[in-house]
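Student: Could you have a look at this structure, given as structure tokens, before my questions?
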Amino acid sequence: MMWHQVEQAISDFQQDSFQIESKQVVSGGDISQAYCISGQNQMYFVKINDLTFFDNFRAEALALNSLALTNTVSTPKVIDLGLSKAHTYLILEFVEFSQGSDRAWFDAGCQLAQLHQVSRQPMFGFEDNNFIGKTPQFNRWQNNWSTFFSEQRIGYQLELLAEKQIKIADIDEVVALVHNLLKPRKLDACLLHGDLWRGNIGFSQNQFFLYDPACYYGDYETDLAMTELFGAFPQAFYQGYYSITEKEPGYEKRRDIYNFYHILNHANIFAGSYIDQAKQMLRSIAQL
């Protein structure tokens, strides 16, 4: 029944009948099942999960569409979001990825900088709550960046850890520390990818694509910081970015604060060594 619904949704999108002729499992993700389906010389990417995952797919679709509307970066086109009796599914344009050239990485940096420039606005947050990996990410609108990040990012992650009986440090003290460190930062918010590591980008014929976003409006440096967290992008990417936007003093210190959020999230999801890494990062941040 679900695959029939998928066929119907694609037929409606194409305004032409579509039938699945081939269905291949796509590896790489650890949250949802993923398939490449094809028929009538057309290919689509389908993600499937149980019914409780509908809000996650809805948030992903909203974020992809929000990025696409800026006309600065490429994203897989959202075809349909739906429910069957037992599953929820998200249908996307299928994009075949390959290695990017140095020039493509440079252009990618330029495009990310353009995204950050054209989407500027005064409020931090997003039109809806979403997810960072499997973890809920709250995006209540806030006009103060240091308040937004210290409370809705760092504070919330620490609260989730506390619910698991894992204490990194006193929550109020850490929130106050991060708030005070970011307080001098005065900036407009811009639309962020929100989860910008190598696993969430790709190149198709040297065109840069973003996918699996966790969008919100925040400090552009948070996207840049995450590109360095699990192994930096090629140098050409940063050369491209800073050909559009000048690097600001103090970025390296703020980078560690912003990446602390992602390490806390990994501690919440995977525990283990990420708990110790979070404690070590906090010690370093406390010395800034």
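Student: What ranking, highest mean first, results for peptides 217-228, 250-261 when packing means the other Cβ atoms within 10 Å averaged over each residue?
Tutor: 217-228, 250-261
Student: On to the next question. If we count other beta carbons within 10 Å of each Cβ, what is the order of Ser101, Ser119, fewest first? Before the final figure, lay out the partial values.
Tutor: Working: Ser101 13, Ser119 20.
Ascending number of Cβ neighbours within 10 Å: Ser101, Ser119.
Student: List the pair-distance distribution P(r) of the stretch 1-49, using every Cα-Cα distance, as the percent of pairs falling in each 10 Å bin from 0 up to the bin containing the longest distance, rounded to whole percents.
Tutor: All Cα pairs considered, the percentages come to 26, 55, 18, 1.
Student: Same structure again: Could you sort the peptides 272-280, 155-163, 241-249 by per-residue average Cβ neighbour count (10 Å cutoff), highest mean leading?
Tutor: 155-163, 272-280, 241-249
Student: Taking the Cα centre of the stretch 2-93 as the origin, how large is its charge dipole in debye, to the nearest 20, when only Lys and Arg (+1) and Asp and Glu (-1) carry charge on their Cβ atoms? Mind showing how you got there, number by number?
Tutor: Values: 5 positive and 10 negative charges, 17 e Å.
For the stretch 2-93, the charge dipole is close to 80 debye.
Student: From the cross-link list Lys186/Lys279; Lys134/Lys183; Lys164/Lys279, which pairs have alpha carbons spaced over 22 Å apart?
Tutor: Lys186/Lys279; Lys134/Lys183
Student: Let a ≥ b ≥ c be the square roots of the eigenvalues of the Cα gyration tensor of the stretch 248-288; is it rounded (a/c under 1.5), or, if not, prolate (a/b larger than b/c) or oblate?
Tutor: Since a/c reaches 1.5 but b/c is at least a/b, the shape of the stretch 248-288 is classed as oblate.
Student: Straight-line reach only, C-alpha to C-alpha below 18 angstrom: list the aspartates and glutamates that Lys47 could link to, leaving out same-chain residues fewer than 8 apart.
Tutor: Glu7, Glu21, Asp30, Asp55, Glu60, Asp80, Glu93, Glu96, Asp212
Student: Below 8 Å between Cα atoms, with a sequence gap of 6+, how large is the relative contact order for the stretch 2-93 in percent?
Tutor: Working: 146 pairs, mean separation 23.9, N = 92.
Relative contact order, the stretch 2-93: 26 percent.
Student: Hey, how many Å between the Cα centroid of the stretch 68-85 and the Cα centroid of the stretch 109-175?
Tutor: What the calculation gives is 23 Å, centre to centre.
Student: Relative contact order of the stretch 102-286: what whole-number percent is it, with Cα pairs under 8 angstrom and at least 6 residues apart?
Tutor: Across the stretch 102-286, relative contact order equals 29 percent.
Bear in mind these aren't lab numbers, they're just calculated from the coordinates by the rules spelled out. Since the model is a prediction, treat every value here as computed from it, not as a measurement. Backbone-built Cβ (ideal geometry, glycine too); neighbour counts: all protein chains shown.
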